[in-house]
1. Anything in region 66-88 that is more than 23 Å from Ser56 (Cα to Cα) and buried (at least 19 other Cβ atoms within 10 Å of the Cβ)? List them, or say none.
2. Based on this model, can you work out whether Ala91 counts as of a type in the set (Gly, Ala, Ser) and either touching a residue at least 40 places away in the same chain (Cβ under 8 Å) or surrounded by fewer than 13 Cβ atoms within 10 Å (Cβ to Cβ) (or both)?
3. Name every residue in region 39-56 that is exposed (fewer than 13 other Cβ atoms within 10 Å of the Cβ) and among the hydroxyl-bearing types (Ser, Thr, Tyr), in order of residue number.
4. Which members of region 1-27 meet the condition of being assigned to a strand (DSSP E or B) and either open to solvent by 40 Å² or more (accessible area, probe 1.4 Å) or among the small types (Gly, Ala, Ser) (or both)?
5. Hey, among the residues in region 94-112 that are of a type outside the set (Ser, Thr, Tyr) and surrounded by 14 or more Cβ atoms within 10 Å (Cβ to Cβ), which one's nearest to the chain's Cα centre (by Cα)?
6. Could you grab me the full set of residues in region 95-123 that are touching a Lys or Arg at 6+ places or on another chain (Cβ under 9 Å) and either among the charged types (D, E, K, R) or free of Cβ contacts under 8 Å to residues at least 24 places away in the same chain (or both)?
Amino acid sequence: QVQLVESGGGLVQPGGSLRLSCAASGSIFKINTMGWYRQAPGNQRDVVATLTSGSSTYYAESVKGRFTISRDNAKNTMYLQMNSLKPEDTAVYYCYARITYYGGSAYRDNDFWGQGTQVTVSS
């Protein structure tokens, strides 16, 4: 089976930086689009940034110029560098990946999510 494991969340002061990581493991054939989403209490889960296998990126307007998404294909790992953090960035951050994997004697495509990591921006 395929798993996504996030790390790197925590408490940071406004203006500070954090780097989130998301490592994919399992019978992976290809990782297609990857992305980061976040969910604040009482809100829906919203997209933060996405990165396709062709290196096309998308950023939510609220994080443009402050966050950078990247991936290391050799390590099946994705990153989110977050700079100039604001209190409104406080949320649980989830990584997402569309993965082609080998399971049940066939190649399959499916969406996978990490367990979430808390990011709190507060003085």
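1. Leu85
2. yes
3. Hits for region 39-56 are Ser55, Ser56.
4. Applying the first criterion (assigned to a strand (DSSP E or B)) to region 1-27 yields 3-7, 10-12, 18-25.
Residues satisfying the conditions are Gln3, Val5, Ser7, Gly10, Leu11, Arg19, Ser21, Ala23, Ala24, Ser25.
5. We begin by selecting, within region 94-112, every residue of a type outside the set (Ser, Thr, Tyr); these are 95, 97-99, 103-104, 106, 108-112.
Narrowing further to those that are surrounded by 14 or more Cβ atoms within 10 Å (Cβ to Cβ): 95, 97-99, 112.
Working: Cys95: 3, Ala97: 8, Arg98: 12, Ile99: 14, Phe112: 11 Å.
Looking at residues that are of a type outside the set (Ser, Thr, Tyr) and surrounded by 14 or more Cβ atoms within 10 Å (Cβ to Cβ), I get Cys95.
6. Asp109, Asp111
The values are calculated or read from the model by the stated rules, or taken from the named source; none is laboratory data. Source: prediction; values computed, not measured. Neighbour counts run over all protein chains shown; Cβ positions are idealised from the backbone, glycine included. Just the protein is used for accessible areas: all its heavy atoms, side chains included, with ligands, DNA and RNA removed. Shrake-Rupley method; radii C 1.70, N 1.55, O 1.52, S 1.80 Å.
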